[in-house]
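Each remark here refers to the structure printed beneath this line.
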Amino acid sequence: MQVSMRSIIRRIYREHVYLLHATKNRPSKRKAAKLFLLPTEVEYFNKILASDPIIDYSDALKELTIWLHRYHETPVLLIVDEYDAPVMFAHKNGFMKKAISEISQVIYNPMNVLT
């Protein structure tokens, strides 16, 4: 189940890889452009992309939602449509309760940003 959720999250991150190269301002003769994401955020983003087994994925969607809001300067609507595949896998393999707990944490964690 974790592998399935992680692969979905990685795919979502790949769709927004432009955030890694985005800048806050346009470069001028006097100042170089600053990267949009902070170094720690770039590190976290890259660890998600690299499938780092140590990284905690429970905040991954929450972090991405925050970055997208900051980048686009508009509220972000997160629609989760692929949760059924990990749930079905968990059901077939006998760990449904654990799967629901983990999926709930990943899906509902970004909603805490809104409250």
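Cβ-Cβ distances below 7 Å connect the following pairs, each with a first residue in the range 92-103 that is under 19 Å from residue 57 (Cβ atoms), a second residue that is of a type in the set (Phe, Trp, Tyr) and surrounded by 12 or more Cβ atoms within 10 Å (Cβ to Cβ), and a separation of six or more residues or different chains: 103/83.
Please work out which residue is modelled with the highest pLDDT, limiting yourself to the range 70-99 and to residues that are in a loop (DSSP other than H, G, I, E, B) and surrounded by 10 or more Cβ atoms within 10 Å (Cβ to Cβ). First the steps, then the outcome.
Taking the range 70-99 as the starting set, the residues that turn out to be in a loop (DSSP other than H, G, I, E, B) are 73-83, 94-95.
The next check asks that each one be surrounded by 10 or more Cβ atoms within 10 Å (Cβ to Cβ); those that pass are 76, 78, 80, 82-83, 95.
Values: 76: 87, 78: 76, 80: 66, 82: 60, 83: 59, 95: 79.
It comes out as 76.
For the range 58-69, the condition of being at pLDDT below 85, surrounded by 14 or more Cβ atoms within 10 Å (Cβ to Cβ), under 14 Å from residue 8 (Cβ atoms) and not basic (Lys, Arg) holds for none of the residues.
The values are calculated or read from the model by the stated rules, or taken from the named source; none is laboratory data. What you are looking at is a predicted structure, and each value in this text was computed from that prediction instead of being measured. Here Cβ is always computed from backbone atoms with ideal geometry, including for glycine, and neighbour counts include all displayed protein chains.
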